[in-house]
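Following: one structure in structure tokens, then a few remarks.
Just so it is clear, none of the values below were taken in a lab; they were calculated from the coordinates. A quick note: this is a predicted structure, and the numbers were derived from the prediction, not measured. Because the Cβ atoms are built from the backbone with ideal geometry, glycine has one as well, and the counts that use them run over all protein chains shown.
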């Protein structure tokens, strides 16, 4: 597969090395690596247009880059993400001895209005979890995937990476391999266990047989994979996104609902149901509690309900 850095821009070797670091040392997902590659390429392209040598960029140059983006109406979230990518790139260059200092190290990202995460409301979730045709192997697979997403709050890359052995039907839990190869076990509700059990018993064997007929299961990665394509291969993140989009459209969900929305909904519904923030942090695999705290947004109705239930004079 061609490197995302094969774009004719300078620093090709350094950027390729950074890509290898992200992929093999940090074990970042392919989606994350592509995002870093795009962000770093954007900065290097800007530096080239500005007549700058990116290896000699200064603190002031990075600030000029931020001002350039702001002047063109880039969202603060985009500016912040690109700054973070550039900062990580230069931190790696410092460790490799390519540059003496990180010019982006002490620069703060612009503060913008923090958007609350989109969630799937209860009635929409009920429709989504009922649109799969569970009389077919593909439908049983789709149902198992959807239930696992809502039951565990897994990232799409974590769902793609699941092996059959990662789901304990007797223990009612799933083992997820998150960012930085950090492993966590998340309990899953009985309906999710049932959906996976049905798929493993009646759906997956059919998909695996198709692969064996085509000699595709010589690859142990496919042989162990939980969710298989119609050709018996492990479903990639792109495969899963396409299937989710098709099911979401079939369920009539609002535009903009994505697999990551299921993760937001998982976290929000747990907190609404009384789960403590630390437990949700652990189940989501967040390194920092501050990342999880965005899910603590509460509507006035929920606040009023909390007062009525908990305050000594709330029901007076």
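For the chain, set up a Gaussian network in which alpha carbons nearer than 10 Å are linked by springs, and say which option among 73, 17, 178 fluctuates the most.
Highest fluctuation of the listed residues: 73.
Using label points projected 7 Å from each Cα along Cα→Cβ, tell me how many nm separate residue 74 and residue 27, to one decimal.
Spacing of the two 7 Å Cα→Cβ label points: 3.1 nm.
Among 85, 42, 290, rank each residue by its count of other Cβ atoms within 10 Å, from fewest to most, as a rough exposure measure.
Final ranking by Cβ density, sparse to dense: 290, 42, 85.
Going by how many other beta carbons lie within 10 Å of each one, how would you line up 188, 294, fewest first?
294, 188
Go ahead and set up a Gaussian network model of the chain, Cα springs under 10 Å, then flag whichever of 187, 110, 259 fluctuates most.
110
For 279, 30, what's the fewest-to-most ordering of other Cβ within 10 Å of each Cβ?
279, 30
Given the Cα-Cα distance of residue 293 and residue 224 and 0.36 nm per residue of separation, how much length would full extension add, in nm?
21.3 nm
What does the helix-only formula give at 222 nm for the chain: each DSSP H stretch with n ≥ 4 adding -39500 (n - 2.57), the total divided by the residues, and the result rounded to the nearest 500 deg cm²/dmol?
-16000 deg cm²/dmol
Separation between the residue 59 and residue 100 pseudo-spin-labels, each 7 Å from Cα along Cα→Cβ, expressed in nm?
1.4
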